[in-house]
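The structure appears below as structure tokens.
The values are calculated or read from the model by the stated rules, or taken from the named source; none is laboratory data. Only a predicted model underlies this, so the values are computations on that prediction, with no experimental measurement involved. Cβ: placed from backbone, ideal geometry, glycine included. Neighbour counts: every protein chain shown. All accessible areas refer to the heavy atoms of the entire protein, side chains included, with ligands and DNA or RNA removed. Shrake-Rupley method; radii C 1.70, N 1.55, O 1.52, S 1.80 Å.
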Amino acid sequence: TNSDNQKSSGSSEDNSMLTQLLAKHILQCAKEAAKNDQKRLHPIQYGAAVLFSDGTIASSHQKQSQEYGCTLDAVTQLAPIMEQKVKESSSNHDTMIRAILLVQADQFGVAHAPFAPARSYLTEYGHDDTYVVLHES
């Protein structure tokens, strides 16, 4: 019926608004994490934050090296936490706790796609259904 369509449309809008609010919140968490990098070897600092299905959020910042190729990116820094959440929930026979929303941002709050090591990790270790927040140009 028409009223049913309006109800489902409303809940879809509510979900969209909630997703946007969560995305903004974890973007802010990632931005703050980027500021934790005190080494400042490079002009851009990166942080990352991930929202889990249990409502918890974890964040990390990039560990810079003088040789940029040896830098540990912010998203990959979250891998042990993501693995631990899955392991704990599966060993307790609870509902699987998964990463559901992830963002990497610089110290200015601009969202960036995860770098190659993090993209590989996400797709090869079962996190390929995690939503990633990005800025559009």
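Per-structure values
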| item | result |
| --- | --- |
| Per residue accessible area in Å² of segment 11-132, where ligands, DNA and RNA are left out and the probe is 1.4 Å | 57 |
| Mean separation of Cα contacts under 8 Å (6+ apart) over length of segment 11-132, as relative contact order % | 26 |
| Of [x] 0.96; [y] 1.01; [z] 1.18, the label for Cα Rg over 2.2 N^0.38 Å derived from the coordinates | [z] |
| Cross-link pairs beyond the 25 Å C-alpha cut-off, checked among K24/K85; K24/K87; K31/K63 | K24/K87 |
| Residue-averaged 222 nm ellipticity for the chain, from DSSP H runs of 4+ at -39500 (n - 2.57), nearest 500 | -14000 deg cm²/dmol |
| Cα lying deepest toward the dipole's positive end in the chain, options P43, A30, Q20, charges on Cβ | P43 |
| Label-reachable residues, segment 70-90, where backbone N falls under 11 Å from a point 7 Å from S53's Cα toward its Cβ | 86, 89-90 |
| Stretch gain in nm, segment Q66-D128, where the contour uses 0.36 nm per residue and the Cα spacing is subtracted | 19.2 nm |
| Accessible surface, 1.4 Å probe, highest first, among residues R40, R98 | R40, R98 |
| Carbon plus sulfur fraction of accessible area for segment 11-132, probe 1.4 Å, in percent | 55 |
| Axial C-alpha extent at least 15 Å, average Kyte-Doolittle at least -1.0 - helices from the chain (DSSP) | 2-34, 79-91 |
